[in-house]
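The structure under discussion appears below in the form of C-alpha cells.
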Amino acid sequence: MGQFPLPHAVTDIRCENELEYDLVETKVKYGRKATIAQLLATIVQSLLLVNVGMELAMATVVIGSLYKNPNAEFLLSDTESSWYGSILYLCQPIGSLMSGYAQKHFGKKSCVVLACVPSIFGWILLWYANSVTMLYWSTITMGMGLGFNDGPAYSYIGEICEPRLRGIMSCVINMACLVGVLSSYGLSYVFQWKTVAAISVLCPVMCLTFVTFIPESPIWLLSKGRNEKAMKAICWLRGWVEPHVIANEYQELMFYYKTSVDKSLTITDSKGMFSSFLWIKSPSVYRPLRLVTIYYIFTLISCLTPCRPYIVKLMYESGVKDTHSIALVLYGFMQLAGSVALTLTVRKLGKRMLTLLTLAINTLTIFVFAVYFFCINNNLLSSKAYVPMILYSIIMFFGAMGVLTVPWTLVSEIYPNEAKGFASSLTTAIFYVLTFSATKIYLSIENTLGLNNTFFMMAASSFVGFVYLYRNMPETENKTLMEIEEFFVPKSEQTSSEVSPGPRAV
C-alpha cells in the first residue's frame, strides 16, 4: 500500500452524501504478527479475568470448608452462607457503573488499575479472616474491584481486534475466567482456603505489572484528540507495522468515531456524570441491552449458577459424599474444556448455533437431574456418586461451550462506540444483580419446593429461554460492528430527522 496523507483530526473527514454514507470496516488480514500482537494484549487483559474467576470460585471453597463444619476455625450458618455466597454479586454493580464513567474519561487501561487495587486488598483480608465479619469485608472489597473488570475488558477487546479475531479473543477472555475457577478449585484440593487466598493475590499483582506494556484503545485515544497515539496503537496491534500499512483502517476508524460522536450529540449535550444514562432511550442501546439481559436470566438458570456456592452441599445431597473436592476440580476442568471447545468452533458454527445447541443440551440434562432426584427421594433408585458428577459435568462443559460464555462475547460487539463503556458496564451490573438475587433466594426455594421440584422448574424455564433465543438472537460472528448495529436499528427505521451529519441514526 503506497504512502498518502492521513487525516489529522476527525473534523478533517467528510462524507460525500451525508444521508447515505455507510461505513464498512476493513476486513484486511494483516498476518500472523497482527494475530500475535492482539493475542498479547488480550492475554494481559485475561489476567484480570483469571482473578475474576478465582474470586467467583472462592465462595464455593470457603463455604465448603466452613459450612456447619465442627472442625473449622469458625462456622457459617445457612443465613451467613447465603449472604457470603451472594454479597460479591451485590457489590459489583456499584463498581461497574463507576467504571462506565471511568472508561469514558480515563480509558480502559486505567480501569485495569482501578480493578487490581481493591482485589489485592480483598485477597489480603481473606487471608487474615478469622470471623464471618472479615469474610464479608473481604468479599465486599473484591466486589468493588470486580465492577471494574468485565465491562472494560470486553469493550477493550471489541475495540482493538479485527472482525476475524474478535469472537476468538472474546472467547479467550471467557476462558481466562474459567482458568481462574479451575485454579481456585485445584489449589483448594491441595491447600487450606487461607493459603489459596494468599496465592491468589499474585494474579492482580501480575496484571498491574504487565498492563503498562499494552496500548490503550485507539478509539478512546481518538475521542481525546490523541490522534498520533491512536495511530501508534493501531500499528502496535496490527503487528508493529508502519503507519502506511494501516492507513485505510485508520481513516475508517476515524469515520466510525465521527458517526458515533454525531449519534451521541443526538442523545444528549450534557457532560454530567449521569448523562450517559440518557443512552437508554436509544434503540441502538436498549434493544441489545434487552436481548442480553433476557439471555443472562436463562444463562443463570440453565447453567445452575445460583447453585454454585452450594455445590458441595448439592453433591452431598445427591450422593457425592467423600469425593466432593475431586468433583470441584472436575467441574472446573469441564468448564475450561468447554471454553476451549467454544474457541475452536465459534468461527465455524457461529454464536447463535452454539447458544441454541448448548441451551438445549443443558435443558435436557437438568430435566434428567430432576428425574434422578425424584427417583432417589421416592426410593425408586439408590444414589450413585457417578450419576450427579456426570450430569453436572455435562452442564459445566456445554454451559462454557455456549450459553454461559456467548453473552459475554456479545457485550464486546453489540453496542455503538460512544455508548460502549456505559452500556457494557450497565450490562455486567445487571448480570451481577440478577446473580445476587438468584443466589440469595436459591436455598429458600430449594427448602420450599424440594430439590427435584426446583430442578424441574429450572428445566422448564430453560426451555422457555430456548424458544425466546431461537426467535430473537442474531448471528454476530464475523460481522462488522456497523453490520451488528444495523440489526438492532435497521435503515428502514431511520428518518432524515433522526440522522445527524453522519448517516447513522439512533
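The values are calculated or read from the model by the stated rules, or taken from the named source; none is laboratory data. This structure is a prediction, so every number in the text was calculated from the model and none was measured. Counting neighbours? That spans all protein chains shown, and the Cβs are built from the backbone with ideal geometry, glycine included. These area figures cover heavy atoms from the full protein model, side chains too; ligands, DNA and RNA do not enter into them. Shrake-Rupley method; radii C 1.70, N 1.55, O 1.52, S 1.80 Å.
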- Query: What accessible area per residue comes out for segment 31-214, rounded to a whole number of Å², with a 1.4 Å probe?
  - Reply: 34
- Between His105 and Ser382, the two model label points (7 Å from Cα along the beta-carbon direction) sit apart by a distance in nm of 6.7
- Query: With every protein chain in place, what's the accessible area of Ile390 (1.4 Å probe, Å², nearest 10)?
  - Reply: 90
- Out of Met254, Pro243, Ser223 - ranked by how far each Cα lies towards the positive end of the dipole of segment 219-260, with unit charges on the beta-carbon of charged residues - the top one is Ser223
- Query: Which percent of the accessible heavy-atom area of segment 75-135 goes to carbon and sulfur, probe 1.4 angstrom?
  - Reply: 73
- Query: Could you give me the ³J(HN,Hα) list for segment 83-91, computed from phi with Karplus coefficients 6.51, -1.76, 1.60 and θ = phi - 60°, whole Hz, x at Gly and Pro?
  - Reply: 5, 5, x, 10, 5, 4, 6, 6, 6
- Task: Sort 451-462, 206-217, 135-146, 305-316 for me by packing, meaning the mean count of neighbouring Cβ atoms within 10 Å per residue, highest on top.
- Result: 135-146, 305-316, 451-462, 206-217
- If each K or R counts +1 and each D or E counts -1, the residues other than Trp240 whose Cβ falls under 11 Å of its Cβ total +2
- Theoretical gain in end-to-end length, Arg290 to Ile124 [0.36 nm per residue, Cα-Cα removed]: 56.0 nm
- Prolate/oblate/rounded label for segment 99-138 (Cα gyration tensor, a/c 1.5): prolate
- Query: Once Lys and Arg get +1 and Asp and Glu get -1 on their Cβ, which of Thr439, Phe466, Leu451 lies farthest toward the positive end of the dipole of segment 282-488?
  - Reply: Leu451
- What accessible area per residue comes out for segment 219-260, rounded to a whole number of Å², with a 1.4 Å probe? 39
- Accessible area per residue of segment 282-488 at 1.4 Å probe, in Å²? 36
- Computed label-point distance, nm, for sites Trp240 and Phe487 using a 7 Å Cα→Cβ extension: 3.6
- Query: Over what distance in Å are the Cα centres of segment 160-207 and segment 301-372 separated?
  - Reply: 18
- Kirkwood hydrodynamic radius over Cα pairs of segment 282-488, then Stokes diffusion coefficient at 20 °C and 1.002 mPa s, in µm²/s: 120
- Portion, in percent, of the accessible area of segment 219-260 that falls on carbon or sulfur, probe 1.4 Å: 52
- Given Lys281/Lys348; Lys313/Lys348; Lys229/Lys479; Lys229/Lys420, which pairs have Cα atoms separated by over 32 Å? Lys281/Lys348; Lys313/Lys348
- Query: Amide H neighbours of Leu76 under 5 Å, counting only residues 5+ apart in sequence or on other chains, H built in-plane at 1.01 Å?
  - Reply: Tyr67, Lys68, Asn69
- Message: Report the gain in length on full extension from Leu202 to Arg226: 0.36 nm times residue separation, minus Cα-Cα distance, nm rounded to one decimal.
- Response: 5.3 nm
- Query: Expressed as a whole percentage, what fraction of the accessible surface of segment 282-488 belongs to carbon and sulfur atoms when a 1.4 Å probe is rolled over the protein heavy atoms?
  - Reply: 67
